[in-house]
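See below for the structure under consideration.
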Amino acid sequence: MFFCRVKKQFCNNGSYDGGEADKKNRVSVKIIHFYLEYSDFQCPACKYGSNQVKRLQSEYGEKITFYYKHYPLKQHKWADDAAFFTSCVNDTFGQEAFWKSHDLIFDNQDQFNEPSFNEVVNRVFMSEVKFNYSSCLDKSEKYKKFVKSSVDEGVGIGIRSTPTFIVEGHIVPGADYKKIKEANQICLLYTSPS
């Protein structure tokens, strides 16, 4: 299960299904590149990486589709809670709510150094969201297996740090905009019509 940004469809188990409307629209789009990020909400480099994703989106628009995968690192004390919480938000309220939560957590990352993840979520989310986010607090048991499967998948393909981007199969560790863009340029060389 992925969290998709730009096209905002939900993906399951690595497969993409944008529905009937998307199948009709695919004919009109020449090239769409897929970006996948393994990320940790507590990781400062991942916060920087999320800003690089926004930069890519503003530059490439609908030519890219971005997917988010959870990869909470063991040394981060609240990263698992954030992964469980945002998985529940996506499951319960959909993609738009997930991305709003994603952005709020990264934008307020420095506030989460306090004792309780839930306390900070309540303070930050109360005036910012219109969905009942509190129903997703303390849902760790339900989403533990899902988050673990995302981490296991990452380990299986060689992910060792966060953030790590995969651009059309090219693994790009870190949040270096230039390297991510270079991977995209390589993809363009191989997919451009002759």
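The residues of the range 120-168 that are under 30 Å from Asn184 (Cα atoms), at pLDDT 90 or above and open to solvent by 40 Å² or more (accessible area, probe 1.4 Å), listed by number, are Lys148, Ser149, Asp152, Glu153, Val155, Gly156, Ile157, Arg160, Ser161. Among residues of the range 37-56 being small (Gly, Ala, Ser) and in a helix (DSSP H, G or I), the one that is modelled with the highest pLDDT is Ala45.
Name the helices (runs of 4 or more DSSP H) wholly inside the range 77-194 in which the number of residues that are under 18 Å from Glu37 (Cβ atoms) and of a type in the set (Gly, Ala, Ser) is 1 or more. Please lay out each step first, then the result.
Details: elements: 79-93, 95-107, 117-125, 140-156, 177-191.
Where helices (runs of 4 or more DSSP H) fall fully within the range 77-194 and carry at least 1 residues being under 18 Å from Glu37 (Cβ atoms) and of a type in the set (Gly, Ala, Ser), they are 79-93, 95-107, 140-156, 177-191.
Selection of first residues in the range 100-128 that are more than 17 Å from His76 (Cβ to Cβ) and of second residues that are basic (Lys, Arg) and at pLDDT 90 or above, restricted to Cβ pairs under 8 Å at least 6 apart or on distinct chains, gives the following pairs, ordered by first then second residue: Glu128/Lys100.
Scanning the range 94-136 for residues that are in contact with a helix residue (DSSP H, G or I) (Cβ under 8 Å, 6 or more places away or on another chain), closer than 23 Å to Tyr48 by Cβ and of a type in the set (A, V, I, L, M, F, W, C) gives Phe98, Leu104, Ile105, Phe106, Phe112, Phe117, Val120, Val121, Val124, Phe125.
Within the range 57-74, the residues that satisfy the criterion of being at pLDDT 95 or above and not hydroxyl-bearing (Ser, Thr, Tyr) are Lys69, His70, Pro72, Leu73.
The values are calculated or read from the model by the stated rules, or taken from the named source; none is laboratory data. Please read all numbers here as calculations on a predicted model, not as lab measurements. Here Cβ is always computed from backbone atoms with ideal geometry, including for glycine, and neighbour counts include all displayed protein chains. Only protein heavy atoms, including side chains, enter the accessible area calculation; ligands, DNA and RNA are left aside. Shrake-Rupley method; radii C 1.70, N 1.55, O 1.52, S 1.80 Å.
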